[in-house]
Amino acid sequence: MTASTALTLFAASGVETRRAHVKRARQRLKAMGYDVTEDSSVRLRHQRFAGTDEQRLDTLHRVADEAPSVALACRGGYGMTRLLDAVQWRRLKRSVERGTRWVGYSDMTALSLALLAHTGAPSWHGPMAAEDFGRELGLDAKADEANEITCETFDQAMHGELEALGFRTEARWDGFGTKGMLWGGNLSMVVSLLGTPHWPEIKGGILFLEDVNEHPFRIERMLTQLLNAGILGQQKAILLGQFTQYRAVPHDKGFKLQTVVDWLRTQVKVPVLTGLPFGHVATKVCLPVGLPVDLVVEGRDALVLWGHAH
């Protein structure tokens, strides 16, 4: 990297208490060549939130007005949906027009999809500061490699160099290809916006989904809501990321995540692809939300291409 890129760490959902994680994140991002600024919101707290609702709104508007090259959320948690009615979306859109890439996942799904719904502006589902860049590297090579992949794809995306991502899926989709707007994120947050003014009306899109701490029956219940609302049937493809940290119980009797995937495929006519490297996991890619993409499958290799995103 020949010149530093302005990057602001901010917190607008859950409170960020992991100072050691934030410090490591700043160090790693600086080592990658970013000019890192820690917004004052990273140290705010009100109950379980990164400040009162008013303070967290101020955070979003302040960062938007400053328009750094990268606005990177420290963490998710809960609280973004409380703000959506009061967000001044034109200010966030203006920041995107000035070159800001808003990045986050989990609870930040609400901000990303609402921004798309109100303004059509794109954002990025990608790693967060404390959650990902602040991780302690593992003691084995596999853990170190995961962190490296996450950092590399993030860096490429933030500099407009990431134009595609590939992943391994099932061989049953060999030869499939389609085009559509890429959108989605955390399944719980996607469902929470349904029926609100902050829901993006996407038809003929490519929907990606992931979640954490949700038993497969809860995942099926949320997918059923999207199905019955007609959302899933309007898409050209559904990409499933990682669904992690749930606990099976004895009376499941074989009911598992694959059961849900198999059931979903009987309910929709569009392909349901698994294996997307995204979710509450160490290794994750950056996904542009609100950009047209091409989806191509050859054998077990799926490729999502979008060209220059910004």
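Values as computed for the structure displayed
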read-out: Matching option when the condition is free of Cβ contacts under 8 Å to residues at least 40 places away in the same chain and among the aliphatic types (A, V, I, L, M), among LEU295, LEU257, LEU232; value: LEU232
read-out: Residues of the stretch 231-267 that turn out to be more than 22 Å from MET108 (Cα to Cα) and open to solvent by 20 Å² or more (accessible area, probe 1.4 Å), as a count; value: 21
read-out: Sole exception among (1) at positive phi; (2) free of Cβ contacts under 8 Å to residues at least 40 places away in the same chain for GLY160, by number; value: (2)
read-out: Of the criteria (1) open to solvent by less than 50 Å² (accessible area, probe 1.4 Å); (2) part of a helix (DSSP H, G or I); (3) under 19 Å from THR274 (Cα atoms), which one GLY185 fails; value: (2)
read-out: Any chance VAL261 is under 22 Å from GLY126 (Cα atoms), within 22 Å of the chain's Cα centre (by Cα) and among the β-branched types (Val, Ile, Thr); value: no
read-out: Spans of helices (runs of 4 or more DSSP H) in the stretch 16-123 with at least 3 residues more than 26 Å from GLU148 (Cβ to Cβ) and open to solvent by 40 Å² or more (accessible area, probe 1.4 Å); value: 53-66, 89-97
read-out: Some residue of the stretch 172-179 being farther than 27 Å from PRO292 by Cα, out of contact with any Cys (no Cβ under 9 Å at 6 or more places or on another chain) and of a type in the set (Phe, Trp, Tyr); value: no
read-out: Selected residue (criterion: nearest to GLU210 (Cα to Cα)) from residues of the stretch 268-289 that are among the aliphatic types (A, V, I, L, M) and open to solvent by 10 Å² or more (accessible area, probe 1.4 Å); value: VAL281
read-out: Scan of the stretch 193-219 for residues that are within 16 Å of THR259 (Cβ to Cβ) and crowded, with 21+ Cβ neighbours inside 10 Å, ordered by number; value: ASP211, ILE219
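The values are calculated or read from the model by the stated rules, or taken from the named source; none is laboratory data. Source: prediction; values computed, not measured. So basically every Cβ, Gly included, is an ideal-geometry build from the backbone, and we count neighbours across all protein chains shown. What goes into the accessible areas is simple: the full protein's heavy atoms, side chains included, and nothing from ligands, DNA or RNA. Shrake-Rupley method; radii C 1.70, N 1.55, O 1.52, S 1.80 Å.
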